[in-house]
Amino acid sequence: MAKPVLYSYWRSSCSWRVRIALNLKEIPYDIKAVSLIKGGGEQHCNEYRDVNPMEQVPSLCIDGHTLVESLSILHYLEETRPQRPLMPEDCYKRAKVREICEVISSGIQPLQNLIVLIHVGEDKKKEWAQHWIVRGFRAVEKLLQASAGKYCVGDEITLADCCLIPQIFNARRFHVDLRAFPIILRIDRELENHPAFRAAHPNAQPDCPPEAAK
Ligand SMILES: O=C(O)/C=C\C(=O)CC(=O)CC(=O)O
């Protein structure tokens, strides 16, 4: 079977979620970089629209299929590659993982996504992104008070951690004051030196511009 190919952009938080899971599960893959900014965005070209009708990254070619939407991809990987599980056995804990994934992937990230910020405009975009990230992180911090052990849900890394870490990067990018979120910060510190997370970091990507990689 051919090596999986991930259509990815270095600082796309949704691509980053999938990179973390592929690394944790030790699935070798190639990256096809899609620049979200070059020439108005390569994701909007006809060729890529055939890959991903939402004109977004990531997309993953795997097992002879092309999959889109990061959460759907994460669950496919979990179901087909049970090594290094990223979902707990317990149904209640699974629900807790999905809750955190959902708050981030539906309740935060889409509101501060590039297409939305372009629409909001240069003047307002920072305040807009901060507003939605803070609102969502209040909910995440509250959920973590009940669910977190070493990581988001208990003491094992789950899909919730794959979603949280990239969102923290975005929060910093928009200068969100994270001091109000001590559990989020603790989990970030816990995972910042994990090899799978480090290798998935935007700065470690082949399409990261050299001036950003320092
Ligand atoms: O300014 C750029 O480099 C373009 C795009 C991004 O970073 C990715 C996003 O749209 C934010 C995100 O993934 O949440």
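The values are calculated or read from the model by the stated rules, or taken from the named source; none is laboratory data. Here the structure is a predicted model, which is why all the values come from computation and not from measurement. In this analysis, Cβ positions are derived from the backbone assuming ideal geometry, glycine residues included, and neighbour counts consider all displayed protein chains.
Quick test for you: out of Leu6, Leu36, pick the one residue that is within 16 Å of the ligand (Cβ to nearest atom) and touching a Lys or Arg at 6+ places or on another chain (Cβ under 8 Å). From the options Leu6, Leu36, the qualifying one is Leu6. Put simply, of Thr66, Thr80 the only residue that is of a type in the set (Ser, Thr, Tyr) and more than 22 Å from Pro206 (Cβ to Cβ) is Thr80. For Val116, all conditions in the list (1) among the aliphatic types (A, V, I, L, M); (2) within 15 Å of the ligand (Cβ to nearest atom); (3) surrounded by 17 or more Cβ atoms within 10 Å (Cβ to Cβ) hold save one; what is the number of the exception? Condition (3) is where Val116 drops out. Test each condition in (1) more than 21 Å from Val18 (Cβ to Cβ); (2) acidic (Asp, Glu); (3) within 16 Å of the ligand (Cβ to nearest atom); (4) part of a loop (DSSP other than H, G, I, E, B) for Glu211 and report the one that comes out false. All conditions pass for Glu211, except number (4). Do we find a residue being within 22 Å of Glu78 (Cβ to Cβ) and surrounded by 15 or more Cβ atoms within 10 Å (Cβ to Cβ) anywhere in region 28-35? Looking through region 28-35, at least one residue is within 22 Å of Glu78 (Cβ to Cβ) and surrounded by 15 or more Cβ atoms within 10 Å (Cβ to Cβ). The residues of region 1-22 that are closer than 23 Å to Leu159 by Cα and over 13 Å from the mean Cα position of the chain (by Cα), listed by number, are Lys3, Pro4, Val5, Leu6, Tyr7.
Selection of region 91-113 for residues being surrounded by fewer than 18 Cβ atoms within 10 Å (Cβ to Cβ) and touching a strand residue (DSSP E or B) at 6+ places or on another chain (Cβ under 9 Å) yields only Lys93. For region 72-99, the set of residues classified as closer than 19 Å to Glu156 by Cβ and either of a type in the set (D, E, K, R) or within 16 Å of the ligand (Cβ to nearest atom) (or both) consists of Leu74, Glu78, Glu79, Arg81, Arg84, Glu89, Asp90, Lys93, Arg94, Lys96, Arg98, Glu99, listed by residue number.
Applying the criterion of being under 19 Å from Val116 (Cα atoms) and aliphatic (A, V, I, L, M) to the residues of region 36-89, the residue that is nearest to the chain's Cα centre (by Cα) is Val57.
Residues in region 165-206 that are part of a loop (DSSP other than H, G, I, E, B), within 16 Å of the ligand (Cβ to nearest atom) and surrounded by 16 or more Cβ atoms within 10 Å (Cβ to Cβ): Phe174, Val176, His201, Gln205.
The requirement of being within 13 Å of the ligand (Cβ to nearest atom), crowded, with 16+ Cβ neighbours inside 10 Å and not assigned by the TED database to the domain that holds Val57 is satisfied by Gly136. Taken together, the residues in region 186-214 that are farther than 15 Å from Ile31 by Cβ and of a type in the set (S, T, N, Q) amount to 1.
Taking residues in region 37-61 that are in contact (Cβ under 8 Å) with a residue 12 or more places away in the chain, and partners anywhere that are of a type in the set (Gly, Ala, Ser) and part of a helix (DSSP H, G or I), the pairs with Cβ atoms closer than 7 Å and at least 6 places apart or on different chains are Val57/Ser15; Pro58/Ser15; Pro58/Ser70.
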